[in-house]
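Notes follow the structure.
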Amino acid sequence: MAGSTLASPSAERRPAWSPWRETWRRYRRHKMAVVSAVLLLVLIVAVVFGPFVWRVSINDIDFNARLEGPSLAHPFGTDDLGQDILARMIYGGRISLAVGLAAMAVAVVIGTLIGALAGMSRGALGHGLMWLTDLFLSLPQLPLLLLLIYLFRDGLKAVFGPEGGIFILIVLVIGGLRWMPVARLVRAQFLSLREKDFVEAARALGASPLRQVVRHILPNALGPVIIAGTIDVAAAIIAESTLSFLGLGFPPDTPTWGRLLFDAKDFLDIAAHWALFPGGAIFVAVVAINFIGDGMRDALDARRVI
Amino acid sequence: MAPLLEIKGLKTHFSTDDGMLQAVDGVDIAINKGETLCVVGESGCGKTVTAMSILKLIAMPPGRIVEGQILFEGRDLVPLTSHQLDDIRAKDIGFIFQEPMTSLNPVLSVGEQVAEVLRRHEGLSHKEALARTVEMFKLVQIPNAAGRVHDYPHQFSGGMRQRVMIAMALACKPKLVIADEPTTALDVTIQAQILELLRDLQAELGMSVILISHDLGVIAEFAQRVLVMYAGRIVEQASVRQLFRKPMHPYTDGLLAAVPRVDADAHRLCHREDLDLGLALGEVVHGL
């Protein structure tokens, strides 16, 4: 090779890996992220397959076993009606995790779309979208939630069933009111990235505006979006429990993690386990998702040498 | 034979808060197939805007091509939309940028970025494009080409990145390459390597090159014909030999005089014993 006069430390290097395998290698370097991924996986497996293993009904009322602490018969104890908390948490965990992840997806997709459009357009559209974002930020959220759920609950219930309808409504409402920070982040990133030389180079090489965005700008803007997204998961799980608290969320007898916490609050002094287990589950899920986001950001950022 | 690219009366203006800025104000350029043309001039004289106007890479607005024709193989590029130009960019006219350090996307491997061009313009599959990319890397003399295509821009030095940029610009074997100060960001030894590479590639691929530079050393090294630009216009056009031997325009004369030379009979501007700043300054001004 003609370039052999140039210093080349690359003679004995590991063979090139596919981008996904490389990303996985980098992800594994982040120990907490790996531990978190395992924890989250355990949680997901538990809520998905739990009911097939732990075959206790969530509605079995047993007044002889009220407010019992953890035991073999009831590993997480019982509540004031003698219902098994483990069974209720497994059932509620499906809803809480699904709401958190789905609402995050809605918020990130809407936020990225609006932020990208606002960041790329140089004219009235960009200003208009940012006004819209500011408008949404300034809306009083609670009255709006009340109104939206009051207006649409019955219609969606009729189409998708009581739990399905409420699920869709809650995901859309939580996601639809949490996209603004993502939109602002994405817009700010786009404004700076679109002027970079490599975007201009892509344009000079014949890349269409869409390709410039999808291939060159968006991947560079992903880091903050991933972090914002993982924070959104946590916020959505907590927002769902707020809604349950106000009687706006799922029906009162649907034991989401937030609902369990709410029910437990009057018995904290005599039955702390009732609040500790669902609270612990929310804590583990939220922390794990945040670490996973951290690990993903490191793994996807090729500039960082790890 | 009709020239490959002919620019007639090009005027590119920018609207600013203080009125219209005439960045390019009536430029005529013609370049034949296989020819090397250099455009030289000080910063801000309109060389880059002229080059970017050819492929409409200037920001519009505020920029606007007010007048003129850009005929590439007889076809006027000025009325084309950006979308139509996408098919010409890189395919027929390649562009090498000034800043190799920032002109590569940091989150894509360099191979992917070159392969993308090939997939876009030649419709190659992922595999074929990557194979061609390795070939291109060999052509621009990147050592261990097959291994290096998977690396990311931050793993390359400036000179190597410029080689990647050249591979990208030449991937589709364009008929014309516009190199906008391709060596300005590099140190002198690397400059020489890159220029030599460009010249070899030009001979090998038979393309025309427009080299834009403010460095007369680069021009002397590289060009056949030179255009001198000043304030948005072309003030002189000559062969390299003529230009350096007998500049016709006073501005060219000044430009040449501004280069410090080792071979000319230079004299000190000011001696320590008669340190007179006013005199020294006067001499500098006179020299220009």
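Tabulated data
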item: Neighbouring partner chain Cβ atoms per residue of B:100-106, average, 10 Å criterion; result: 6
item: Segment B:161-267 - convex hull of the alpha-carbon atoms, volume per residue in Å³; result: 127
item: Crossing angle, helix B:188-205 versus chain B [Cα axis fit, 0-90 degrees, rounded to tens]; result: 50
item: Eligible lysines near B:Lys8 by straight Cα distance, threshold 27 Å, same-chain separation 8 or greater; result: B:Lys33, B:Lys47, B:Lys56, B:Lys91, B:Lys173, B:Lys175, B:Lys246
item: Burial ordering of B:Val24, A:Val56, B:Val134, A:Val159, fewest other beta-carbon atoms within 10 Å first; result: A:Val159, A:Val56, B:Val134, B:Val24
item: Longest to shortest principal axis, alpha-carbon extents of the protein assembly as shown, angstrom; result: 110, 62, 57
item: Exposure proxy ranking, count of Cβ atoms within 10 Å, fewest first, for A:Thr230, A:Thr78; result: A:Thr230, A:Thr78
item: Charged-residue dipole, Cβ positions (Lys, Arg, Asp, Glu), the protein assembly as shown about Cα centre, Debye nearest 20; result: 1220
item: Distance in nm between pseudo-label sites at A:Ala105 and A:Phe267 (7 Å out along the Cβ direction from Cα); result: 3.5
item: Neighbour-count order for A:Leu300, A:Leu246, fewest beta carbons within 10 angstrom listed first; result: A:Leu246, A:Leu300
item: Contour excess over end-to-end distance, with Cα ends at A:Arg153 and A:Asp80 and 0.36 nm allotted per residue; result: 23.3 nm
item: Folded to 0 to 90 degrees: helix B:110-122 orientation relative to chain B principal axis, Cα; result: 70
item: C-alpha long axis of helix B:126-139 to longest principal axis of chain B, angle in °; result: 30
item: Average projection area in nm² (convex hull over Cα atoms of segment A:69-148, one quarter of hull surface); result: 8.2
item: Relative contact order for chain A, counting Cα pairs under 8 Å that sit 6 or more residues apart, in percent; result: 26
item: Axial C-alpha extent at least 18 Å, average Kyte-Doolittle at least 0.0 - helices from chain A (DSSP); result: A:31-53, A:85-120, A:124-138, A:141-160, A:162-176, A:180-193, A:218-245, A:272-300
item: DSSP-defined beta bridges in the protein assembly as shown - what % are antiparallel, rounded to 5; result: 60
item: Using a Förster distance of 25 Å, the FRET efficiency for A:Trp20-A:Asp197 (Cβ separation, nearest 0.05); result: 0.35
item: Pairwise Cα inverse-distance average, inverted: Kirkwood Rh of segment B:91-195 (Å); result: 13.5
item: Contact order relative to length of chain B, as percent, for alpha carbon pairs under 8 angstrom and 6 or more apart; result: 23
item: Of every Cα-Cα pair in segment A:234-306, the percent that sits beyond 21 Å; result: 41
item: Unit Cα scatterers, Debye sum, segment B:1-127: log10 I(q)/I(0) for q = 0.15, 0.21 Å⁻¹; result: -0.84, -1.33
item: Inter-probe distance in nm under a simple model that places probes 7 Å from Cα toward Cβ, at A:Ile168 and B:His83; result: 3.5
item: Volume of the Cα convex hull of chain A, divided per residue and given in Å³; result: 188
item: Two-site FRET efficiency, B:His126 against A:Val38, from Cβ-Cβ distance with R₀ of 35 Å, rounded to 0.05; result: 0.60
item: Against the rule of thumb 2.2 N^0.38 Å, how large the Cα Rg of segment A:83-240 comes out; result: 1.24
item: Volume of the Cα convex hull of segment B:207-266, divided per residue and given in Å³; result: 96
item: For A:206-218, mean number of other protein chain Cβ atoms within 10 Å; result: 4
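Any read-out appearing in this document is the output of simple, stated calculations on the displayed coordinates, not a laboratory observation. What you see is a predicted model, and the numbers here were worked out from it, not measured in a lab. Virtual Cβ from ideal backbone geometry, glycine too; neighbours counted across all protein chains shown.
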